[in-house]
Amino acid sequence: MSLERTVLMTSRPPHAAQPLRFLMPGWFAAVMGLSGLALAWWGARHALGELAAGVSALLALVAALAFMLLALLSIVRWQRHPDAVREDLHHPVRHAFWATIPISGMLLATLWVAHLGASEGARALWWVSSLAQLAVTVAVTARWWKGNQPGGLVWPAITPALFIPIVGNVLAPLAGVPLGHPEWSAAQFGIGLVFWPVVLVLIMVRKATTGLWPERLLPTAFIHVAPPAVGALSLMQFGAPVLVVWAAWGMALVFLLWAATQVRRIASLPFGVPHWAMSFPLAAFSGLTLRLSEAGHGGMQLLGVVALSLTSLVIAGLVLGTARGLRQGTLLVPEPAPAAPVLGADVPSGRA
């Protein structure tokens, strides 16, 4: 071996030869964003015609392929780096992102029903994903019994990512009702509904007592939009009064405007996987606005199309940023150490 090659090999960062080690479950947020955008385009058919249906079908296919690829890579990662998987499971913040996997499954089942109709395949995918989401919810909330102990619920570990495993249950009715399971869908919807204000209060108190979460997680501020937006879409599946849906839309709107005040700060951050946290909430708000516009409100239809266009541009930017980051080797790398240690963490230091 030449001296030059030896120097090049020894100068490579330690993570360069094992990028799969850093394929955290949060990568499935990309599937959520693509699936949510596909559903939003599906809801735009009354405004944009068959073009919207075609775009939705294409996005659904891309989302399904992304899910299968990430699932395959995650299995390989579990085989090669089981310690990294255990670290994600026990990490005070990253453990919440495991819910992105069953949520992605429920969203894909919803797209399946929308484009191909109810079938046994869609029903099986929905049930597996729904029960897995319930299991993740129980696992996350079980940590809370530890209190201010390693692995417990401590203020520095509370971020908007906690909405994902807790409130993700409100997604169940989107496919569950058309598949003929309104009772279980309502039960799972109730789980998300009861925990939504709990998590919201916890996040507000955390900000007041501990300060804002690490800046690289700032894009997760948009997750505040998802619970009322998706909740409203699920309520429409149950035939809820339209004024109740409008009230939920107002909640989503104010959270969107609130998060939008941080866009300049978010844009100045180096691109990372947390940026995908913006995608699904924006898609859910766009989809809800378009659904409300079906009632004949012309202004809402225009707003829905504008929101859909902006969301599509944002997600296109996220796709390009992801491709660039993978090409440059800046994504599948160790996370930077937090500025201050997270109390209650039960994982090795060095990754936040």
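Some notes on this structure:
- Candidate set: the range 250-281, residues that are open to solvent by 30 Å² or more (accessible area, probe 1.4 Å), touching a residue at least 40 places away in the same chain (Cβ under 8 Å) and part of a helix (DSSP H, G or I); chosen: the one farthest from A47 (Cα to Cα): R265
Yes/no matrix, rows are residues, columns are (1) more than 30 Å from M236 (Cα to Cα); (2) modelled with pLDDT under 95; (3) open to solvent by 40 Å² or more (accessible area, probe 1.4 Å); (4) of a type outside the set (A, V, I, L, M, F, W, C):
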| site | (1), (2), (3), (4) |
| --- | --- |
| R12 | yes, yes, yes, yes |
| A17 | yes, yes, yes, no |
| R21 | yes, yes, yes, yes |
| M32 | no, no, no, no |
| L37 | no, no, no, no |
| L48 | no, yes, yes, no |
| A57 | no, no, yes, no |
| A60 | no, no, no, no |
| L73 | yes, no, yes, no |
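- Some residue of the range 45-65 being among the small types (G, A, S), within 17 Å of T322 (Cα to Cα) and part of a helix (DSSP H, G or I): yes
- Filter pass, V128 being in a helix (DSSP H, G or I), over 17 Å from the mean Cα position of the chain (by Cα), under 22 Å from A283 (Cβ atoms) and of a type in the set (V, I, T): no
- Taken over the range 283-334, residues that are in a helix (DSSP H, G or I) and over 15 Å from A40 (Cα atoms) amount to 14.
- Of everything listed in (1) open to solvent by 30 Å² or more (accessible area, probe 1.4 Å); (2) more than 30 Å from A122 (Cβ to Cβ); (3) not in a helix (DSSP H, G or I), the single unmet condition for W213 is (1).
So that you can scan it fast, the table gives a plain yes or no per residue for (1) open to solvent by 30 Å² or more (accessible area, probe 1.4 Å); (2) under 20 Å from the mean Cα position of the chain (by Cα); (3) not acidic (D, E):
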{"site": "Q133", "(1), (2), (3)": "no, yes, yes"}
{"site": "K146", "(1), (2), (3)": "yes, no, yes"}
{"site": "P173", "(1), (2), (3)": "no, yes, yes"}
{"site": "G176", "(1), (2), (3)": "no, yes, yes"}
{"site": "L179", "(1), (2), (3)": "no, no, yes"}
{"site": "Q188", "(1), (2), (3)": "no, yes, yes"}
{"site": "I191", "(1), (2), (3)": "yes, yes, yes"}
{"site": "F195", "(1), (2), (3)": "yes, yes, yes"}
{"site": "K207", "(1), (2), (3)": "yes, no, yes"}
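- Restricting attention to the range 148-158, the residues that are outside any loop (DSSP other than H, G, I, E, B) and open to solvent by less than 50 Å² (accessible area, probe 1.4 Å) add up to 2.
- Looking only at residues in the range 89-108 that are of a type outside the set (A, V, I, L, M, F, W, C) and in a helix (DSSP H, G or I), the one that is farthest from P281 (Cα to Cα) is H90.
- Screening E294 against (1) open to solvent by 70 Å² or more (accessible area, probe 1.4 Å); (2) out of contact with any helix residue (DSSP H, G or I) (no Cβ under 6 Å at 6 or more places or on another chain) leaves a single unmet condition, (2).
The values are calculated or read from the model by the stated rules, or taken from the named source; none is laboratory data. No experiment lies behind these values; they were computed from the predicted model shown. Cβ coordinates were reconstructed from backbone atoms using ideal geometry, including for glycine residues, and neighbour counts include every protein chain displayed. With ligands, DNA and RNA removed, areas are computed over all heavy atoms of the protein, side chains included. Shrake-Rupley method; radii C 1.70, N 1.55, O 1.52, S 1.80 Å.
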